[in-house]
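Reading through the structure tokens given below for one structure.
The values are calculated or read from the model by the stated rules, or taken from the named source; none is laboratory data. Predicted, not measured: the structure shown is a model, and the values here were computed from it. So basically every Cβ, Gly included, is an ideal-geometry build from the backbone, and we count neighbours across all protein chains shown.
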């Protein structure tokens, strides 16, 4: 009997209706599939039934990895990695046009998404992401500017991914039952014409500076980044009395671009 480990944020998806909904969105037949955190393999079994071209499973829990190996020991096109997804070199391992699916541990879901957004080569080798998040995190990802949920995660996600579908999932669809609701988000990568940042780490750094003082006016963040910050804000046509959530994603990309150019000149 496999027991969920709290330390790994494990909540196993057991509802067949939700599993089938994910399968339908993934278009699995003859595609390369990656599953992050397969757990006890309930979703994995349905993926295999749809005959993918190849399937990679990434499972941090050693006991579950052994369990999955025994459960699917007849599968020839299956690779199982006993690894932490945050340390795993996914970009090198996946095949072109892969679909990545994951019921993500809530405690590291935003870090996993950031890792997928920060692939070195863009466009990436994956063509679709179908990922489960705690609903509150999903609300931040799909938030609009000037709303309370708009923040760093919104800006980072929209720089390289489009949310093309989503649906909410009751906490009763998991075992053990978590205290929070979930949301499945479907993303596709794209080339954002407004995003001309050289190093995406700079976007993370600068949005952290702005949103760590979310209720303060942005003049304080500008002052940290630029010595002649008033002049630069005028060049960028950004009002320094605004709050961080009142800027658009495009505003943040422009600030980062200017920051990078200034660093090069310096």
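Structure above, values below:
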item: Residue list for segment 177-198, filter: touching a helix residue (DSSP H, G or I) at 6+ places or on another chain (Cβ under 7 Å) and farther than 30 Å from residue 23 by Cα; result: 194, 195, 196, 197, 198
item: Residue check, residue 256 assigned by TED's automatic domain parsing to the domain that holds residue 158 and under 22 Å from the mean Cα position of the chain (by Cα); result: no
item: Of the criteria (1) surrounded by fewer than 16 Cβ atoms within 10 Å (Cβ to Cβ); (2) in contact with a strand residue (DSSP E or B) (Cβ under 9 Å, 6 or more places away or on another chain); (3) touching a residue at least 40 places away in the same chain (Cβ under 8 Å), which one residue 182 fails; result: (1)
item: Filter pass, residue 205 being loosely packed, with under 15 Cβ neighbours inside 10 Å and closer than 21 Å to residue 245 by Cβ; result: yes
